1. Do you know which residues across region 264-276 are in contact with a helix residue (DSSP H, G or I) (Cβ under 8 Å, 6 or more places away or on another chain) and part of a helix (DSSP H, G or I)?
2. With surrounded by fewer than 18 Cβ atoms within 10 Å (Cβ to Cβ), in contact (Cβ under 8 Å) with a residue 12 or more places away in the chain, farther than 21 Å from Pro205 by Cβ and outside the structural domain of Gln403 (by TED's automatic domain parsing) as the only criterion, which of Gln280, Gln260 stands out?
3. Using the structure shown, decide if Leu354 is closer than 20 Å to Ala411 by Cβ, modelled with pLDDT under 90 and part of a helix (DSSP H, G or I).
4. So Glu217 fits all but one of (1) at pLDDT 85 or above; (2) surrounded by fewer than 17 Cβ atoms within 10 Å (Cβ to Cβ); (3) in a helix (DSSP H, G or I); what number is the exception?
5. Return the residues of region 381-410 that are within 16 Å of Lys360 (Cα to Cα), without any contact (Cβ under 8 Å) to a residue 24 or more places away in the chain and surrounded by fewer than 23 Cβ atoms within 10 Å (Cβ to Cβ); say none if nothing qualifies.
6. Can you give me the number of residues within region 458-476 that are farther than 11 Å from Leu433 by Cβ and in contact with a Leu (Cβ under 9 Å, 6 or more places away or on another chain)?
7. How many of the residues making up region 437-480 are part of a helix (DSSP H, G or I) and in contact with a helix residue (DSSP H, G or I) (Cβ under 6 Å, 6 or more places away or on another chain)?
8. Does Ile406 satisfy being at pLDDT below 85 and within 13 Å of the chain's Cα centre (by Cα)?
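The values are calculated or read from the model by the stated rules, or taken from the named source; none is laboratory data. The model shown is predicted, which means the values in this text are computed figures rather than measured ones. Backbone-built Cβ (ideal geometry, glycine too); neighbour counts: all protein chains shown.
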Amino acid sequence: MEIITILIAIITAIAGGGVGYYVHSQSAKKAGADAKQLLERAAREAETDKKTMIADARDEAHRITAEAKKDEVERRRLLDKLEEHLVEKDKKLEQKVAETDKSKEEFDRKKKEVENLRGQLNEIVEEEKEKLSKIAKMSKDEAREHLLQKVEEEARADMIGRIKMVEEEVKEEADKKARDLIAGAIQRYASEVTTESTITAVELPSNEIKGRIIGREGRNITAFENATGVDVIVDDTPNTIIISGFDLIRRYIAKVALTQLIQDGRIQPAKIEETVEKAQKQINQMIKEFGDKAVLEVGLTGLAPELIKLLGRLRFRTSYGQNVLRHSIETSFIAANIAAELGADEQIAKKAGLLHDIGKAVDHEVEGSHIAIGRDIGRKFGLSEEVIHCIEAHHGDVEFKSQEAIIVQVADAISSSRPGARRESIESYIKRLKDLETAAMSFEGVSKAYAIQAGREIRVIVNPTEIDDLKMIKLSHQIAKEIEQTMEYPGEIKVNVVRETREVEYAR
């Protein structure tokens with residue numbers, strides 16, 4: 001029985017081992033098949049990823065190539081533009097070099113002429129020495145003195161002729177170039193030729209409304225004057241009230257407020273304060289709009305808002321009847337055009353031309369000249385030193401350090417001196433004419449002086465026995481210098497010195 005049990009156990013173990021081997025072999029085969037499938041799938045996925053990466057890399061390469069070509073086209077365009085600019089600069093440089101060479105040749109030619117004349121003069125002197133020694137039997141010192149006197153007279157006459165000839169040539173050439181340059185700059189800017197004055201008179205619908213404006217015991221007019229800071233003059237002028245005050249903005253606010261009160265009909269202290277406050281807001285908005293329009297018209301950017309507001313205040317400021325804001329816009333355009341023609345910095349000239357009188361916006365509130373105030377305003381709002389220098393030099397108060405400063409001064413003079421731009425009272429006009437004549441008459445040898453052409457020319461008649469031709473040239477320069485240093489005037493004044501000699505004889 002035990003033997004049988006042992007045999008059964010052995011058989012059972014053998015059978016279990018066989019079954020286990022079979023199961024293991026089947027599991028191994030299945031694992032190998034699964035591994036093979038995994039490898040094949042991984043290979044397929046790797047191939048797919050490879051193709052995707054290649055496609056992405058190809059697209060990226062195409063994109064980079066396209067951007068590189070675009071950059072190359074842009075750089076080529078910039079290089080072509082730079083090359084054109086350099087070619088233009090080179091042409092201008094060659095032209096200037098040619099003009100310089102021509103001027104040098106002309107100078108060398110005149111120098112040779114002078115040397116030839118000097119040689120001829122020496123020959124004449126030697127001949128005169130021999131003749132005087134033989135004929136006059138003068139001593140050597142007497143002959144030398146006689147010759148020197150004669151040579152001096154001849155040289156002086158020749159010098160006067162040559163000085164006049166050179167002056168005429170230089171003046172003609174300079175006038176031609178200046179006329180072409182300035183005419184071109186002015187023609188490129190066509191502005192309105194109207195000049196306006198600040199209005200201080202308010203028209204009334206009827207004369208009866210004056211009493212309502214004055215109010216009981218003058219309380220309405222007192223409230224109005226206190227609110228606006230101006231004086232209201234009610235006189236016998238029919239249907240008119242005069243507003244008086246130095247601050248033109250206040251006068252304009254008062255005019256607007258008074259006009260609105262008259263239209264509303266309710267004139268009382270409370271309504272006056274409300275209306276004046278409303279008018280102030282309207283005028284402040286107008287000032288901002290005037291500044292924005294001026295900057296937009298000129299084509300400038302980057303100015304501080306407060307600086308633009310100060311610029312708009314110039315709309316309510318006049319100088320000899322010329323509106324200062326319109327004058328500043330004209331100066332800006334003319335300066336920019338001249339700068340472009342001369343190769344100077346156009347932006348600096350344009351900005352300085354627009355802001356050169358910015359100090360006049362607050363010169364009744366701040367102490368100092370409008371030039372010093374304008375310089376301080378420029379530094380406060382971060383303007384460049386080049387622009388600030390143009391502002392403080394536009395009246396010649398400081399030495400010019402840049403070409404743009406000279407251009408702004410010229411543009412300022414062009415705008416202010418054109419016919420109709422400025423007006424002055426008859427008293428100041430007559431005084432300026434008398435000052436011109438007095439300045440000319442202060443020099444020795446002047447017999448008469450007349451201011452003509454509305455004070456743009458002074459005609460000076462000299463005594464021919466005291467002033468010769470050479471002294472006449474010197475006198476004209478001295479008179480011009482005296483006028484420049486002692487007088488203020490728009491534009492330029494022509495000094496015309498006249499020397500006349502007459503010989504009278506009678507046939508009997």
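1. Correct list: Asp264, Pro269, Lys271, Ile272, Glu273, Thr275, Val276.
2. Values: Gln260 fails: farther than 21 Å from Pro205 by Cβ.
Going through Gln280, Gln260 in turn, just one is surrounded by fewer than 18 Cβ atoms within 10 Å (Cβ to Cβ), in contact (Cβ under 8 Å) with a residue 12 or more places away in the chain, farther than 21 Å from Pro205 by Cβ and outside the structural domain of Gln403 (by TED's automatic domain parsing): Gln280.
3. Values: closer than 20 Å to Ala411 by Cβ: yes; modelled with pLDDT under 90: no; part of a helix (DSSP H, G or I): yes.
It is false that Leu354 is closer than 20 Å to Ala411 by Cβ, modelled with pLDDT under 90 and part of a helix (DSSP H, G or I).
4. Unmet condition: (1).
5. If the condition is that a residue be within 16 Å of Lys360 (Cα to Cα), without any contact (Cβ under 8 Å) to a residue 24 or more places away in the chain and surrounded by fewer than 23 Cβ atoms within 10 Å (Cβ to Cβ), then Ile388, Glu392 are the ones that fit.
6. First, the residues of region 458-476 that are farther than 11 Å from Leu433 by Cβ: 459-476.
Subset that is in contact with a Leu (Cβ under 9 Å, 6 or more places away or on another chain): 460, 462, 467.
Qualifying residue count for the region: 3.
7. Residues of region 437-480 part of a helix (DSSP H, G or I): 437-441, 453-455, 469-480.
With the extra rule that they be in contact with a helix residue (DSSP H, G or I) (Cβ under 6 Å, 6 or more places away or on another chain), the set shrinks to 439-440, 455, 469-470, 479.
Residues meeting the conditions: 6.
8. Numbers: at pLDDT below 85: no; within 13 Å of the chain's Cα centre (by Cα): yes.
Judged against the criteria, Ile406 is not a match.
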